[in-house]
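The values are calculated or read from the model by the stated rules, or taken from the named source; none is laboratory data. This one's a predicted model, so the numbers in the text were calculated from it and none came from an experiment. Quick reminder, even Gly has a Cβ in these numbers, built from the backbone with ideal geometry, and neighbours come from all protein chains shown.
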Amino acid sequence: MATPLEPVAVVGIACRFPGAADPAAYWSLLRAGRHAIVDVPPSRWDAAALYDADPQRPGRTLCRSGGFLPAVDGVDWRALRLSPREAKAIDPQHRLLLEVAWEALEDAGLPLEAVAGSRTGVFVGATWNDYARMQSRDRDRLDGYAAAGTPMAFAANRISYTFDLRGPSVALDATCSASLVALHQACQSLWSGDCTLALAGGVNLILAPDSAIIMSKAGVLSAQGRCRALDADGDGFVRGEGAGLVALKLRSQLTASDRVYAYVRGVAINHNGRGPWIMAPRAEAQTAAIRDALARAAVDPADIDYVELHGTGFPQGDATETAALGAVLGGAARSRPCAVGSVKTNLGNLEPAAGIASVIKVCLALHHGELPPTLHLERVNPAIDLAGLGLAAQTELTPWPQRERPRLAAVTTTSFSGVNAHAVLAGVDATADLPVSRGPWALPLSARDPRALRAHVAAMIDVLRGLAPDDLAALRDVCFTAAVLRSHHAHRTAVVGDSAHALADALARWLTDASSAPASDPQLELHRLAAAYVAGQTIDWRAVVPAGRCVSLPTYPWQRERMWLEWLREPPLLDSESEEAAKVDSTPLAPAPSINDAGTLLAALRDVPPGLRRARLQRHVEQALRAALELPDDLVIAPHARLFDLGVSSLTALALRTRFQRELACDLSPTLLFDHPSLDGLAERLLAAAFPAAVADAPVDARAREVAALTEVEAEAELARRLEHLRRYLP
């Protein structure tokens, strides 16, 4: 047997799946044997209007159901530091991945500032690009924001940019095998040393009916609206949405506080090559991928306890897949059959995200020591001899069988493009206990928004009240994770207590009166630290809570707002024979807002007393910035705030420079906003460009006259501005 590769630890998990907004909800759905298949939401398309039992009817689909995510039009642009203008241009799949990436890092106990600048790789599987296609229907409205908003490369690249991750960043498409191929590439990158940490997974959103019609015409969708893996009545799959990412690191890089869900022991990928036709499965290729993965893992095939099948519900595809498995895993000669199941019976086929849904299911099953049931299996496909293949369908929730070795499982995917992938995963041995004290405990919590902080506090109250009173180790790990393994944002609270219930009660009081002091006993050091933390000071929490293990806590409480290009509309859902279908909307587009005529701002400023020009110009710059980024009035922009933290991009910078150049009738550097990336700095530069002699040569007595001409209110405003400017240079 080959020398095994170093195991890759799955240290963080995050997901959005139908009926499951996070890993805990996903595991609950799996354990309960529930499915999340629903009718197509009206917000996507009129499923009744597009339905036809005849799959060959032009423009129609025979499937009216699927697994869908709610509110995919929303995003917390403030927390992700996007501007509304840019957020609307970004494919909702990419926005969803930003949230899931943040949560995967949180679940791994990796503060955002700890990974910034690191050689962290990002590997994402993605296929469909509905948002770009919807925009392309109206070419007159296309703009440069789409260049960084819709290309599939940005599914991975925007994650790397947002969190300053400097390892490989790759979006790839292998249709239904895409996210398992992404896992393969992530592991290879870790083994080669190209990255020290990796995020791997996939995403799929179904925003328009086109791909549903295409897949219906391809003959892969179920007329029953169910995925019946291994069943005699299986007739294909229903489509599903979702996103999932796992955080990965080599076992040798683990720390004492890391929580490991499972180990990836080996992964292999290949292609069917030339067969009867490109979408047909091929047993020989699947067998080769399984053998290669097991060889790389140095695992005896007979030791595999469970395999998560691709299991799409096609009689031929299921028969081919199980035959390949049986040929490798030992067949009837096994001492105990290998359990098999498919999560597609719960969620539908998530296509490029299908593999990561399977991987996360297996990681959670290994972690919890249970095998969840596969659904909709009433009569096994007669072309599949499960017993003869050494396989058994997992149709009930059962404990994972006890062995004298770590639990072993595998995940297999195939694809209609011919790519096969197989991964071998292993469970984790029990870890030694860490020392625990009896308290008191400090619990710091934070967010980037006051509303988000309140939501986070409410969620943490539920966590604390769910802890057993005598489980001090669990309380230690909660406080350790919150204090040491999470980012600390601008909006904060902190409480101190000698038990989980005391901490929960203190947080509940804070929710009632957020202005209440976090500390009640100034003699207690923890209270002093809590008060200092709330005041914005940096606290060395590892000195306060020196030991603990990472646990899953409520992730960042997103405050989503609808961010959608409102001009995007599906065309009328009409019969192709209808005369109305041939009509074209000839309503002219509203003219784009025109910028001021050349020099008008300059002329207006000449009528302003020189001492007030800068303040007036700064207000104008702020108004122009708000308009360009579509920023709401309630967003406060500090004079010295970095404009690029507000979502300014190179496109915005170019547009604003062009506008100011015309308004002031002067030449401005193409790098204007990059050289002066704040309101006060930009206003100072524009003033110098518009009135160079006045700025350079104004004598002191002229300055005095300018000050004397100010009203009291104007003088106070100017003094406040200058003090704020000076504050940046104070320690």
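Return yes or no: is Leu408 outside the structural domain of Ala531 (by TED's automatic domain parsing), touching a Phe, Trp or Tyr at 6+ places or on another chain (Cβ under 9 Å) and of a type in the set (A, V, I, L, M, F, W, C)? It is true that Leu408 is outside the structural domain of Ala531 (by TED's automatic domain parsing), touching a Phe, Trp or Tyr at 6+ places or on another chain (Cβ under 9 Å) and of a type in the set (A, V, I, L, M, F, W, C).
Restricting Leu105, Leu80, Leu97 to residues that are surrounded by fewer than 22 Cβ atoms within 10 Å (Cβ to Cβ) and within 15 Å of the chain's Cα centre (by Cα) narrows the list to Leu80.
For the condition among the charged types (D, E, K, R) and under 30 Å from Ala289 (Cβ atoms), Asp164 does not qualify. Looking only at residues of the stretch 123-164 that are at pLDDT below 95 and among the basic types (Lys, Arg), we find that the one that is nearest to Ser83 (Cα to Cα) is Arg141.
Residues that are part of a loop (DSSP other than H, G, I, E, B), among the aliphatic types (A, V, I, L, M) and either modelled with pLDDT of 95 or more or under 28 Å from the mean Cα position of the chain (by Cα) (or both): does the stretch 280-295 have at least one? No: zero hits.
Is it the case, given these coordinates, that Val495 is over 30 Å from Gly341 (Cα atoms), part of a strand (DSSP E or B), of a type in the set (A, V, I, L, M, F, W, C) and more than 24 Å from the chain's Cα centre (by Cα)? It is true that Val495 is over 30 Å from Gly341 (Cα atoms), part of a strand (DSSP E or B), of a type in the set (A, V, I, L, M, F, W, C) and more than 24 Å from the chain's Cα centre (by Cα). Filtering the stretch 350-374 to residues that are under 20 Å from Gln224 (Cα atoms) and in contact with a Gly (Cβ under 6 Å, 6 or more places away or on another chain) leaves Leu350, Thr374. Flag: Ile159 does not match the condition of being free of Cβ contacts under 8 Å to residues at least 40 places away in the same chain and in a helix (DSSP H, G or I). Restricting the stretch 161-171 to residues that are under 18 Å from Ala243 (Cα atoms) and in contact with a strand residue (DSSP E or B) (Cβ under 6 Å, 6 or more places away or on another chain), the residue that is surrounded by the fewest Cβ atoms within 10 Å (Cβ to Cβ) is Val170. For the stretch 43-77, taking the residues that are free of Cβ contacts under 8 Å to residues at least 40 places away in the same chain and farther than 25 Å from Ala353 by Cα, the one that is surrounded by the most Cβ atoms within 10 Å (Cβ to Cβ) is identified as Arg57.
With the structure loaded, tell me whether His527 is modelled with pLDDT under 95 and touching an Asp or Glu at 6+ places or on another chain (Cβ under 9 Å) or whether it fails that test. Yes, satisfied. Taking the conditions (1) more than 20 Å from Tyr161 (Cβ to Cβ); (2) modelled with pLDDT under 90; (3) among the acidic types (Asp, Glu) in turn, Asp680 satisfies each one other than (2). May I ask you to verify whether Thr127 is assigned by TED's automatic domain parsing to the domain that holds Ala21, under 27 Å from Leu180 (Cβ atoms), touching a Pro at 6+ places or on another chain (Cβ under 7 Å) and not in a strand (DSSP E or B)? Taking the combined requirement at face value, the residue satisfies it. For the stretch 428-444, filtered to residues that are farther than 19 Å from Ala530 by Cα and hydrophobic (A, V, I, L, M, F, W, C), the residue that is farthest from the chain's Cα centre (by Cα) is Val436. Ala9 meets the conditions (1) small (Gly, Ala, Ser); (2) under 22 Å from the mean Cα position of the chain (by Cα); (3) not in a strand (DSSP E or B) in every case but one. The failed one is (3). Against the condition surrounded by 18 or more Cβ atoms within 10 Å (Cβ to Cβ), in a loop (DSSP other than H, G, I, E, B) and either of a type in the set (Ser, Thr, Tyr) or under 32 Å from the mean Cα position of the chain (by Cα) (or both), how does Val260 come out, does it pass? It is true that Val260 is surrounded by 18 or more Cβ atoms within 10 Å (Cβ to Cβ), in a loop (DSSP other than H, G, I, E, B) and either of a type in the set (Ser, Thr, Tyr) or under 32 Å from the mean Cα position of the chain (by Cα) (or both).
Filtering Gly369, Gly330 for residues that are small (Gly, Ala, Ser), without any contact (Cβ under 8 Å) to a residue 60 or more places away in the chain and surrounded by fewer than 22 Cβ atoms within 10 Å (Cβ to Cβ) leaves a single hit, Gly369.
For Leu309, the test of being within 15 Å of Asn420 (Cβ to Cβ), in contact (Cβ under 8 Å) with a residue 40 or more places away in the chain and crowded, with 24+ Cβ neighbours inside 10 Å is passed. Within the stretch 652-673, residues that are over 14 Å from Phe691 (Cβ atoms) reach partners that are of a type in the set (Asp, Glu) and in a helix (DSSP H, G or I) with beta carbons closer than 7 Å, at six or more positions or on different chains, in the pairs Ser669/Asp675. For the stretch 62-84, indicate whether the set of residues that are modelled with pLDDT of 95 or more, among the acidic types (Asp, Glu) and over 30 Å from Met215 (Cα atoms) is non-empty. Checking the stretch 62-84: at least one residue is modelled with pLDDT of 95 or more, among the acidic types (Asp, Glu) and over 30 Å from Met215 (Cα atoms). Report whether or not Met134 is in a helix (DSSP H, G or I) and surrounded by fewer than 24 Cβ atoms within 10 Å (Cβ to Cβ). Answer is yes for this residue.
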